[in-house]
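Undergrad: Pasting a structure below so you can have a look.
The values are calculated or read from the model by the stated rules, or taken from the named source; none is laboratory data. All values derive from a computational prediction rather than experimental measurement. Cβ placement follows ideal geometry from the backbone for every residue including glycine, while neighbour counts extend to all protein chains displayed. Heavy atoms of the whole protein, side chains included, go into the accessibility calculation; ligands, DNA and RNA do not. Shrake-Rupley method; radii C 1.70, N 1.55, O 1.52, S 1.80 Å.
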Amino acid sequence: MSSQLAQVHATPGLAGYMAEVEAGLARAVAAQPGLAQEVSGEALAAGGKRLRPLLCFLTARGEPSVAAGVAVEMVHMATLVHDDLVDGARLRRGLPAAWSVYGADAAKAAGDYLFARAFAVLAETGDEQAVATLADAALCLARGEAMQKLQTNDPDTPVEAYLERCSLKTGKRIEAACLLGAGGDEPLGRFGTALGIAFQIADDILDCAGQTQETGKIPGTDLREGTPTMPLLLAAREDATVRAALEGGPLDGALVRVAATGALERSREAALDYAARARSCLGAHPHREELEALTFAVVDRAG
């Protein structure tokens, strides 16, 4: 993975663009002083992969939009703040989650603040289509969250319903990053959706495999929260211990049993399939090689 990402990050002009995005994020967060701004500043300082601004740059054919990169990353940051609160997760990338330090009300306000500032930044460009694209992604995120609540502790959730949830929660935001970068290029939007699903499956594998560094959350979170992911659903079909744990029963030994069923390998095959689908959407493009490398990198981290 490191060599693939090194190839991507060596792209001429990328370092300068990402520095502009970081500066733009800092300005956007600092716009309205107060507690929400303070909590949001902590979320910004925690860092992250900045995958979505990276895609805004790589999908652009001309001058990449810094505002688009800032806006789509701020929406992502807002979802992380809210997700940690909803899930009761006390750590994010090894640091205390916002709600655990400042309280639930402050975390809710910070998430809302980040959402609002994201749209303010994008609205300043005067690009109505860009605002509509990001708004659609935010709406899909809300639908995906509602779907996840309905699926909680249900080991009979169809894998197709899980994939739909991945598309709504993760795929549409990465699709938005590509559409914002590419000025609405639909094939690149489809690339983003497939890449997002591959990314989410890989995250869900890592959650079962006991690796914190890549996901930023404590391993086993999905099982503890009763969130039906692909590896958990596949394992629950074959193992009564995993099924009971996913339904809200005892967790002891369940993660080990997930691995024993071969569910992680089968989930990885599905992630590879979505990565291949993403590559099939790429036509001639100045950054085709870098975009292809990214599809391998997001899955290889769960290898």
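Undergrad: If I filter the range 178-191 for residues that are without any contact (Cβ under 8 Å) to a residue 40 or more places away in the chain and within 22 Å of the chain's Cα centre (by Cα), do I get at least one hit?
TA: The answer is yes; a qualifying residue exists.
Undergrad: Moving on to the next point. Could you tell me whether the range 236-252 includes any residue that is open to solvent by less than 10 Å² (accessible area, probe 1.4 Å) and not in a helix (DSSP H, G or I)?
TA: Scanning the range 236-252 turns up no residue that is open to solvent by less than 10 Å² (accessible area, probe 1.4 Å) and not in a helix (DSSP H, G or I).
Here is a yes/no grid of residues against (1) within 25 Å of ARG301 (Cβ to Cβ); (2) modelled with pLDDT of 95 or more; (3) surrounded by 24 or more Cβ atoms within 10 Å (Cβ to Cβ); (4) under 20 Å from the mean Cα position of the chain (by Cα):
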| position | (1), (2), (3), (4) |
| --- | --- |
| GLU145 | yes, no, no, yes |
| GLU175 | yes, yes, yes, yes |
| CYS208 | yes, no, yes, yes |
| GLN211 | yes, no, no, yes |
| THR215 | yes, no, no, yes |
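Undergrad: Do the conditions hold for ALA28, that is, is it surrounded by 14 or more Cβ atoms within 10 Å (Cβ to Cβ) and either out of contact with any helix residue (DSSP H, G or I) (no Cβ under 8 Å at 6 or more places or on another chain) or touching a residue at least 60 places away in the same chain (Cβ under 8 Å) (or both)?
TA: yes
Undergrad: Same structure, new question: All but one of (1) at pLDDT 70 or above; (2) not in a helix (DSSP H, G or I) hold for ALA89; state the number of the condition that does not hold.
TA: So the condition that ALA89 fails would be (1).
Undergrad: Turning to a different aspect of this structure: What is the one condition in (1) buried (at least 24 other Cβ atoms within 10 Å of the Cβ); (2) within 20 Å of the chain's Cα centre (by Cα) that VAL66 does not satisfy?
TA: Against the list (1) buried (at least 24 other Cβ atoms within 10 Å of the Cβ); (2) within 20 Å of the chain's Cα centre (by Cα), VAL66 comes up short only on (1).
Undergrad: Under 6 Å by Cβ, and 6 or more places apart or on different chains, what pairs join a residue from the range 124-141 that is open to solvent by 50 Å² or more (accessible area, probe 1.4 Å) with one that is assigned to a helix (DSSP H, G or I) and of a type in the set (Gly, Ala, Ser)?
TA: Hits for this filter: THR125/ALA67.
Undergrad: Residues being in a helix (DSSP H, G or I) and either in contact with a helix residue (DSSP H, G or I) (Cβ under 7 Å, 6 or more places away or on another chain) or touching a residue at least 60 places away in the same chain (Cβ under 8 Å) (or both): count how many of those fall in the range 1-25.
TA: Of the residues in the range 1-25, 11 are in a helix (DSSP H, G or I) and either in contact with a helix residue (DSSP H, G or I) (Cβ under 7 Å, 6 or more places away or on another chain) or touching a residue at least 60 places away in the same chain (Cβ under 8 Å) (or both).
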